[in-house]
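To start, the structure under review is shown below, and the notes come after it.
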Ligand SMILES: [Zn+2]
C-alpha cells in the first residue's frame, strides 16, 4: 500500500461507526461477548452486510496501530511530489 492508501484507510477506520464482521476481524479485535447486529451498510468496505458498531471491535485500535507502523516504514516524499507553493 502507498502512504496515501494507508492514510485514507486510517481515516475511514477512524470515522467508521459501524462495520461488518469481515472488516472488524481484519482491523480490530472483538471485545464484547455479544453485540447487537443488523443489516446495513458497512462504513469500511461500503457493502450491505450484517453490521455491528465499531465499538464492539475496540474501535479498530489494533488495525490502526499496525497502519501507523506501516506508515512510519514508508519514507516520505517517495511518491508523487506535491508542491505547496
Ligand atoms: Zn465491511
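Per-residue ellipticity at 222 nm from helix content only, as computed over the chain with -39500 (n - 2.57) for each DSSP H run of at least four residues, stands at -12000 deg cm²/dmol.
Remark: 59, 27 ranked as 59, 27, counting other beta-carbon atoms within 10 Å and listing the fewest first. The mean sequence distance of close C-alpha pairs (under 8 Å, at least 6 residues apart), as a share of the length of the chain, puts its relative contact order at 34 percent. Angle of helix 61-73 to the longest C-alpha principal axis of the chain, folded into 0 to 90 degrees and rounded to 10: 10°. In degrees from 0 to 90, rounded to the nearest 10, what is the angle of the helix 3-15 Cα long axis to the longest principal axis of the chain? It works out to around 30 degrees.
Per the Cauchy relation, a quarter of the hull surface: what is the mean projected area of the convex hull of the alpha carbons in segment 10-52, in nm²? It would help to have the intermediate numbers written out before the result.
Values: hull surface 11.3 nm².
Convex hull of Cα atoms, orientation-averaged projection: 2.8 nm².
If you wrap a convex hull around the Cα atoms of the chain, how much volume per residue is inside, in Å³? Numbers along the way, then the final one.
On the way: hull volume 8.3 nm³, N = 85.
Once divided by residue count, the hull of the chain is 98 Å³.
The numbers here are math on the coordinates, done by the rules we state, and not lab data. Remember, it's a predicted structure, so these values are computed and weren't measured experimentally. Neighbour counts are summed over all protein chains in view; Cβ atoms, including those assigned to glycine, are modelled from backbone coordinates with ideal geometry.
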